[in-house]
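Enquirer: Before we start, here is the structure in question, set down as structure tokens.
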Amino acid sequence: MELPDGIDPARAWLAAFLGGLVVVATAAVAFPRRVYDGFLWRYFWGPVDADAHGATCAVRAGGATERLYSQTACSAADGVSAVPGYTTVSTASYAIVLVFMLVGVLLLLRRLNVRLTPQFYVALLPYMLLGGALRVVEDTNVAFLRADAGMLLPYPPVALIISPFIYFVMFAFTLAALVFVFLLSRRGVLDEYEPSLAAIGAVSLSATIGWLLYISATSEIVDFVPAVTIITLCGATLIAAVFWWASNRYAPVINEGTGYIGALIVWGHSVDGIANVLSLDWTDALGVGVTYSSKHVVNEATVRITESLQPAWLSEAIGTAWPFLLIKVAAAIFVVWVFNDEIFDDSPRYAYLLLIAILAVGLGPGTRDMIRATLAI
């Protein structure tokens, strides 16, 4: 949609952003029970509150929040109830916000005249892994809380690394790093901005992983099961390699637009798929000793449908989460095929931003599930 002449798109975006915040805040103040309790808290803050405290649910009534730790108590509670994880409403809302924020980033990159390249795409890989690793930091915090060992990180600051807020935190951190190194490159301090951008992300990722490994080595609350990470990364790499070989040999049209970025997208979503399958169905066999459940709408629906269609003896043998891996790989290949040369020629910046978002929404949660199961928390 074209804006009327004389209207700056960047200023129009900023006005829409600030206007939206004002409208939501005003509505929440004017109608606290309906707008705040019944919508904002129920679908967005409530699930984060319950997650941060390791609760089965959080219930809000009379302006106060109570955390409950059994399904029976949650069912009997009066008030607005929220459970950890996503709902259809929150998932759709996050998707809308994601697209809106991508438009804002696109306008910023245009104003700075940042040229996006495959090297830039690869440089962002550590940030996607970092998001998942930071999410495990919060999982570790909950594990200590449940063991009556206190919180490693206080609440509410810890909410910044819980979904969905961690997406905004990582968005801001990545954007700040990008603008910083790009401005240094423009002033001649750096020859290329991509290596420095990757280095900032890699150092942050290494520090986070190092902290988690330190906690694992010095605490009995956190275990270490490397088989989960080994199987996940090796399996995802194998799937991506097979895709790369088969597509180049039999259907090169699939990769003509994305190149090796296509293989990276398949790899990232394979990490998510394999980590989910291992977490839901194979923890006992791998010695993890923790039971996990689906928190995402698509994953939960996939498991439920498989349970209803698959014979019980087969479910007992191979589990019910395996179709999710097939769905993830198929969806990733479809996306790679859709992003042909024409899309990159028409709007390369927007194409790259969409592909970044597509990889991040798979690799971020996948990394979290993988590391979480590896630490058995």
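Enquirer: Ignoring ligands, DNA and RNA, please state the percent of accessible area on the stretch 1-118 from carbon and sulfur, probe 1.4 Å. Don't skip to the answer; put the middle values down first.
Expert: Numbers: 4490 of 7030 Å².
Heavy-atom surface of the stretch 1-118 belonging to carbon and sulfur, 1.4 Å probe: 64 percent.
Enquirer: Let me ask something else. Could you work out how much longer the chain between Leu112 and Ser293 gets when fully extended? Use 0.36 nm per residue separation minus the Cα distance between them, nm to one decimal.
Expert: Details: separation 181, 0.36 × 181 = 65.16 nm, distance 4.36 nm.
Full-extension gain reported as 60.8 nm.
Enquirer: Considering only protein heavy atoms, what per residue accessible area in square angstrom results for the stretch 50-209 with a 1.4 angstrom probe?
Expert: 47 Å²
Enquirer: Tell me, what is the percent relative contact order of the stretch 67-185, built from C-alpha pairs under 8 Å that lie six or more residues apart?
Expert: 18 percent
Enquirer: Evaluate the charge dipole of the chain about its Cα centre and quote only its size in Debye, nearest 20, assuming +1 on the Cβ of each Lys and Arg and -1 on the Cβ of each Asp and Glu.
Expert: With Lys and Arg at +1 and Asp and Glu at -1, about 600 debye.
Enquirer: Then there's this: Relative contact order (percent) for the chain, with alpha-carbon contacts under 8 angstrom and 6 or more residues of separation?
Expert: Computed value for the chain: 19 percent relative contact order.
Enquirer: At 1.4 Å probe size, with every protein chain present, just tell me what the per residue accessible area of the stretch 274-314 comes to in Å². Walk me through the intermediate numbers first.
Expert: Values: 2380 Å² over 41 residues.
Per-residue accessible area for the stretch 274-314 comes out at 58 Å².
Enquirer: With viscosity set to 1.306 mPa s at 10 °C, what whole-number translational diffusion coefficient in µm²/s follows for the stretch 53-108 from Stokes-Einstein and a Kirkwood radius over Cα pairs?
Expert: 118 µm²/s
Enquirer: If we count every other residue with Cβ under 15 angstrom of Ser196's Cβ, Lys/Arg +1 and Asp/Glu -1, where does the sum land?
Expert: -1
Enquirer: Moving to a separate point now. Can you name the helices of the chain, as whole DSSP H runs, whose Cα span along the helix axis is 30 Å or more and whose Kyte-Doolittle mean is not below -0.5?
Expert: 9-30, 88-112, 125-146, 165-186, 194-218, 226-250, 260-281, 348-375
Enquirer: Using the alpha-carbon centroid of each, what span in Å lies between the stretch 311-377 and the stretch 132-203?
Expert: Taking the Cα centre of each part, the stretch 311-377 and the stretch 132-203 sit 21 Å apart.
Enquirer: Continuing with this model, one more query. Please report, as a whole percent, how much of the solvent-accessible surface of the stretch 307-346 comes from carbon and sulfur atoms (probe radius 1.4 Å).
Expert: Roughly 68 percent of what the probe reaches on the stretch 307-346 is carbon or sulfur.
Enquirer: Additional query: Could you give the accessible area per residue of the stretch 328-377, probe 1.4 Å, as a whole number in Å²?
Expert: 37 Å²
Enquirer: Hey, another quick one. Using a 1.4 Å probe on the protein chains only, how many percent of the accessible area of the stretch 204-296 belongs to carbon and sulfur?
Expert: 66 percent
Enquirer: What is the magnitude of the charge dipole of the stretch 129-247 about its Cα centre, with +1 placed on the Cβ of each Lys and Arg, -1 on the Cβ of each Asp and Glu, and no other charges, expressed in debye to the nearest 20?
Expert: Using only the charged Cβ atoms, the result is roughly 260 debye.
Enquirer: Which whole-angstrom value gives the distance between the alpha carbon centres of the stretch 232-294 and the stretch 59-131?
Expert: 23 Å
Enquirer: Let me ask something else. Would you indicate which of (i) 36.3; (ii) 19.6; (iii) 22.3 is the value of mean projected area of the Cα convex hull in nm² derived from the coordinates of this structure?
Expert: (iii)
Enquirer: Determine the principal axes of the Cα atoms in the stretch 1-146, then give the extent along each, sorted from largest to smallest and rounded to whole angstroms.
Expert: 57, 40, 20
The values are calculated or read from the model by the stated rules, or taken from the named source; none is laboratory data. Only a predicted model underlies this, so the values are computations on that prediction, with no experimental measurement involved. Cβ sites come from the backbone with ideal geometry, for glycine too, and all protein chains shown count toward neighbours. Note: accessible area is taken over every heavy atom of the protein model, side chains too, but ligands, DNA and RNA are not part of it. Shrake-Rupley method; radii C 1.70, N 1.55, O 1.52, S 1.80 Å.
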